[in-house]
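Here's the structure, in structure tokens; my notes come after.
Any read-out appearing in this document is the output of simple, stated calculations on the displayed coordinates, not a laboratory observation. Note that the structure is a prediction, hence the values are computed from the model and not measured. Because the Cβ atoms are built from the backbone with ideal geometry, glycine has one as well, and the counts that use them run over all protein chains shown.
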Amino acid sequence: MTQHEDIFKKIVSHCKEYGFIYASSEIYDGLSAVYDYGPYGVELKNNIKSYWWKAMVQLNENIVGLDSAIFMHPKIWKASGHVDAFNDPLVDNKDSKKRYRADTLIEDAIAKIEAKAEKEIQKAKARFGESFDEDLYRTTNPRVVEYLSKAREINERMNSSLTNSNMEELKQIIIDLEIADPDSGSRNWTEVRQFNLMFNTQLGNISGEEGKLYLRPETAQGIFVNFLNVQKTTRQKIPFGIAQIGKAFRNEIVARQFIFRMREFEQMEMQFFVKPGTELDWYEYWKEKRKKWHLALGTPESKINFHNHENLAHYANAAVDIQYEFPFGFKELEGIHSRTNFDLKSHQELSGKKMQYFDAEDNDSYIPYVVETSIGCDRMFLAVLSEAYCEEFVPDAEGGEAQRIVLKLHPALAPIKCAVLPLLKNKPELVEKAKQIMSELTSTFYCVYDDKDAIGRRYRRQDALGTPYCITIDFESLENNSVTIRDRDTLAQERVNIKDIEGIIQNKVSWKNLL
Ligand code: ATP
């Protein structure tokens, strides 16, 4: 197991042990790729949603919110292209009976070839030292050139097969590259076929195709079909945006990697309606703006990447992923898409209702173009947790060292803002004082009260939950109304007056530090 895989495993078990995330239906052995958020998970998730909502809606006069229903008229998914084109290429291994996404198998094979080139480059770098010219080596060393051009050629072949829905060609690439099942090593593959990712269900009293409903695979369509309602009722002028947070459902073929790829998940999406021709400027604008949102949390810039899409979805004229370096590598966290006027135009055609905006300045009516920012709340949760999880050695009470697990979460996101700890639970005076402090703080922050175990163990428990402050009520508190306040990151303990606690915490956890 690599060090990164090891950390990922630890994060997964930490989530369960400390009440962040449980497998769904666990007593029945779980339901694949579906998860439940525990008491601290739901707090952290709500804080992530608040951070997004405040940054998008509260701080932008021209962005307003929406909460549309999960069920929508089935024609919506026809117009959006999801009925015909929301497919992943699926392939089964006949021996292991395991199911894979054909494009993922090919991408992994490409990554292996690229890794070979990288290895050659690193070897040369070590050999030549300071004088090494990497760019020159990449373009002149025969072996490196061969690997890189092979990787490029396969990538192009795969992208064109995906664009043209050519499943035979995808299978042929798997054969040509001699790709084996990563699990069993078998090369005994079925044909590659298209698999629609939408879940469907049936409307109460209507049988057959007529009553077929889909669970939405994205929240965006609820925004598109309400675009004129919202524009008229809020009197917004273009450019303006509509933001929504809500559940989405995808029948993913392969759902591994914990909450990274789920079958039921939550999206935070914003559709920004713009004048045709200006969409690529706005696309650049939102790319930068969203990157800053991620960096404000303290994530190092080296762990956030832009990755341009080569294989554009049916609706887009430009698309980029904001990737984060998860413990299992750089992967998509958020998508920024220039969706053209595809969706509004399709809805206008299929519904027969005008989806046009009257631009009073230009005295002209048009179907707006749309730039979308779309981020998975659960994926963001995993990114935040991966970044925060830290194992370190700290001084212990005996002058030695002790290992602790600490979640170095941004204080504004931390599930619990402060823990109130009476030094001893069998001293009524201490308990009474602690309860008094607790009841004063709970109307402002989510706090917890804990009187079990030795104080050191209680601190460790709060570290593992990411609580920025612990307040300890001791005998001196009874004499002069002071308490100690312990900082999660510096471990410094300061003695402060009880009346100052709220201000100190507020200062640290305020949204102003993030927005
Ligand atoms: P991927 O390539 O990983 O399947 P996608 O390109 O299909 O993702 P989008 O349709 O752009 O994803 O969805 C926007 C965002 O929703 C993604 O960036 C991701 O954060 C989140 N998301 C998509 N699918 C899932 C899923 N199955 N589980 C959790 N989050 C998801």
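Each part reduced to its alpha carbon centroid, the stretch 41-108 and the stretch 181-258 end up 6 Å apart. Can you classify the stretch 420-506 as rounded, prolate or oblate using the Cα gyration tensor, where a ≥ b ≥ c are the square roots of its eigenvalues, rounded means a/c under 1.5, and otherwise it's prolate if a/b beats b/c and oblate if not? Here the stretch 420-506 falls in the rounded category. For the stretch 4-146, a crude dipole built from +1 on the beta carbon of Lys and Arg and -1 on the beta carbon of Asp and Glu, taken about the Cα centre, is about 200 debye to the nearest 20. When each of 14, 82 is scored by the number of other beta-carbon atoms lying within 10 Å, the sequence from fewest to most is 14, 82.
Within the straight-line cut-off of under 12 Å between alpha carbons, the aspartates and glutamates reachable from residue 97 are 181, 183, sequence neighbours fewer than 8 places apart in one chain being disregarded. Mind scanning 123/408; 417/499; 54/232; 54/435; 435/508 and naming the pairs with a C-alpha gap bigger than 27 Å? Over 27 Å Cα-Cα: 123/408; 54/435. Start at zero, step by 20 Å, and the Cα-Cα distances of the chain spread as 18, 46, 30, 6, 0 percent across the bins. Contact order for the stretch 391-489, expressed relative to its length and based on alpha carbon pairs under 8 Å spaced 6+ residues apart, stands at 32 percent. For the chain, the longest principal axis of the alpha carbon atoms and the long axis of helix 102-128 meet at an angle near 70°.
In percent, rounded to a whole number, the relative contact order of the stretch 167-270 is 23, using alpha-carbon pairs under 8 Å and six or more apart.
Adding -39500 (n - 2.57) for every DSSP H run of four residues or longer, then dividing by how many residues the chain holds, sets the calculated 222 nm ellipticity at -12000 deg cm²/dmol.
Under the classification rounded if a/c is under 1.5, otherwise prolate if a/b is larger than b/c and oblate if not, where does the stretch 341-409 fall, given a ≥ b ≥ c as square roots of the Cα gyration tensor eigenvalues? Verdict is prolate for the stretch 341-409. Taking the C-alpha atoms only, the angle from helix 39-53 to the longest principal axis of the chain is near 60 degrees. Which shape class applies to the stretch 173-247: rounded if a/c is under 1.5, otherwise prolate when a/b exceeds b/c and oblate if not, where a ≥ b ≥ c are the square roots of the Cα gyration tensor eigenvalues? The shape class here is oblate. Each other residue within a Cβ distance under 14 Å of residue 55 adds +1 if Lys or Arg and -1 if Asp or Glu, for a net charge of +3.
Separation of the alpha carbons by more than 22 angstrom is noted, of 78/291; 237/354; 78/331; 247/275, for 78/291; 78/331; 247/275. Relative contact order for the stretch 330-441: 18 percent, from Cα pairs under 8 Å spaced at least 6 residues apart, divided by residue count. With the simple spin-label model, which puts each label point 7 Å out from Cα in the Cβ direction, the residue 479 to residue 288 separation comes to 5.9 nm.
For the chain, the longest principal axis of the C-alpha atoms and the axis of helix 342-351 are separated by about 70°.
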